[in-house]
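Here is the structure we will look at.
The values are calculated or read from the model by the stated rules, or taken from the named source; none is laboratory data. The shown structure was predicted, so the numbers you read here are calculated from the model rather than taken from an experiment. All Cβ positions, even for glycine, are placed from backbone atoms using ideal geometry, and neighbour counts span all protein chains on display. Ligands, DNA and RNA are excluded from the accessible area calculation, which covers all protein heavy atoms including side chains. Shrake-Rupley method; radii C 1.70, N 1.55, O 1.52, S 1.80 Å.
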Amino acid sequence: QVQLVESGGGLVQPGGSLRLSCRASGSIGSLNTMGWHYQAPGKQRELVAAITSGDTTNYRDSVKGRFTISRDNAKNTVYLQMNSLKPEDTAVYYCNAWVSTTESKVLRNYWGQGTQVTVSS
C-alpha cells in the first residue's frame, strides 16, 4: 500500500506565494511521474503540473512562469512552488504519483487527500 500526504496549503493574499509538499510512503518500488492537480468548487479536477522521473516537466498554460514543480527522490517528495498567486488559483490541490510497489511492477496511480489553497484579500 502507498500513501501520499500533502501539506503547505492555506490562505494567501493575491501576489503572494505558497509551497506545497507531497510525500509518498509505504511499499514503494519506484516512483514514476508525479503531479499536482486542482479542483475548484463545481469544476472537474485538472492538471496543474507534472514531473517525470527524469525531471521533465510540463505545466498548464495559466501557471507557466508562476509555478514550479520539483521532486526530491531521496525523500519521495514532490513540491509545487506557487508565486504571484491569483484569486483564480483558489482550489483544492491534489498530488498524484504513478508507483510500482515492492509487490508488483504494474504502475498504479495514487492520490493524496488534497490541500486547500485560497487566494483572497
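Exactly which trypsin sites (Lys or Arg not before Pro) in region 68-121 are in a DSSP loop and have at most 10 other Cβ atoms within 10 Å?
Taking region 68-121 and a limit of 10 other Cβ atoms within 10 Å, the loop trypsin sites (Lys or Arg not before Pro) found are Lys105.
Given q = 0.11, 0.21, 0.22 Å⁻¹, what are the Debye log10 I(q)/I(0) values for region 1-79, with equal point scatterers placed on the Cα positions and solvent ignored? Debye intensities relative to I(0), on a log10 scale: -0.32, -1.10, -1.18.
Taking 0.36 nm per intervening residue step and subtracting the Cα-Cα distance, what contour gain separates Gln39 from Leu11 on full extension? All intermediate terms of the calculation are to be shown ahead of the outcome.
Working: separation 28, 0.36 × 28 = 10.08 nm, distance 1.61 nm.
Fully extending the segment from Gln39 to Leu11 adds 8.5 nm.
Excluding same-chain pairs closer than 8 in sequence, count the lysine pairs in the chain whose Cα atoms lie under 28 Å apart.
Lysine pairs satisfying the spacing and distance rule in the chain number 5.
For region 38-119, the Stokes-Einstein estimate of translational diffusion at 37 °C and a viscosity of 0.692 mPa s comes to 235 µm²/s, using the Kirkwood hydrodynamic radius over alpha-carbon pairs. Computed extension gain for Gln3 through Asn58, at 0.36 nm per residue and net of the alpha carbon distance, reaches 17.4 nm.
In order along region 70-76, the Karplus-derived 3J(HN,Hα) couplings, from 6.51 cos²θ - 1.76 cosθ + 1.60 at θ = phi - 60°, round to 8, 9, 10, 5, 5, 9, 6 Hz, and Gly and Pro are given as x.
On a full-extension model of 0.36 nm per residue, what is the gain between Thr118 and Gln81, subtracting their alpha-carbon distance, rounded to one decimal in nm? Intermediate values should be presented prior to the final figure.
On the way: separation 37, 0.36 × 37 = 13.32 nm, distance 1.48 nm.
Taking Thr118 through Gln81 to full extension adds about 11.8 nm, to one decimal.
Which order do you get for Asp55, Asp61, Asp89 if you rank them by accessible area with a 1.4 Å probe, largest at the top? Don't skip to the end; give the middle numbers.
On the way: Asp55 95, Asp61 125, Asp89 5 Å².
Largest accessible area first, the list is Asp61, Asp55, Asp89.
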